[in-house]
Amino acid sequence: MVKARKLFFFTRGTPHRFWNAGEDELTLSSWVKPVNNILFFLSTFYAAQKNSGSTRPEAFDAAYLMVRYKNEFGLPQLPFFVKNILMPVTYSLGKLLGKYKNFSDAPCL
């Protein structure tokens with residue numbers, strides 16, 4: 001846990017997550033390369049959350065993100081079954097149903 005007004009550095013490939021354990025507003029300053037991938041991933045993830053009307057993102061959008069960006073944003077806290085079976089199956093079903101046309105402008109990996 002990083003205390004207020006403290007710095008923390010981690011190297012590429014180090015699993016991490018951000019959350020605010022307190023009541024104060026969390027302000028984060030970071031540097032990410034390539035920036036297009038993280039912006040797309042986070043924007044799409046939060047939009048899928050909003051569209052679902054719950055704290056969980058819409059299933060097909062989540063599957064798309066988890067499969068396409070699995071090497072960059074792996075979400076290590078996901079259970080093995082969800083990450084390695086459920087998400088790829090949902091992703092494949094989404095491709096068959098044409099659910100990912102709106103992602104044609106997704107940044108390249």
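One residue stands out among those in region 45-89 that are closer than 27 Å to THR14 by Cα and polar (S, T, N, Q): the one that is surrounded by the most Cβ atoms within 10 Å (Cβ to Cβ), which is GLN49. Does THR44 fit the bill of being over 19 Å from HIS16 (Cβ atoms), in a helix (DSSP H, G or I), among the hydroxyl-bearing types (Ser, Thr, Tyr) and touching a residue at least 40 places away in the same chain (Cβ under 8 Å)? So THR44 fits the description; yes.
Mind listing just one residue for me: the one in region 1-31 that is of a type in the set (Val, Ile, Thr) and within 18 Å of PRO76 (Cβ to Cβ) and, of those, surrounded by the most Cβ atoms within 10 Å (Cβ to Cβ)? If you could, list the steps in order and put the result at the bottom.
Kept after step one, since they are of a type in the set (Val, Ile, Thr), are these residues of region 1-31: 2, 11, 14, 27.
Restricting the remaining residues to those that are within 18 Å of PRO76 (Cβ to Cβ) gives 11, 14.
Working: THR11: 5, THR14: 7.
That would be THR14.
Just one residue in the set VAL82, VAL67, VAL32 is in a loop (DSSP other than H, G, I, E, B) and β-branched (Val, Ile, Thr); that residue is VAL32.
Scanning region 26-62 for residues that are modelled with pLDDT of 85 or more, more than 12 Å from the chain's Cα centre (by Cα) and β-branched (Val, Ile, Thr) yields a count of 1.
The values are calculated or read from the model by the stated rules, or taken from the named source; none is laboratory data. The shown structure was predicted, so the numbers you read here are calculated from the model rather than taken from an experiment. Cβ sites come from the backbone with ideal geometry, for glycine too, and all protein chains shown count toward neighbours.
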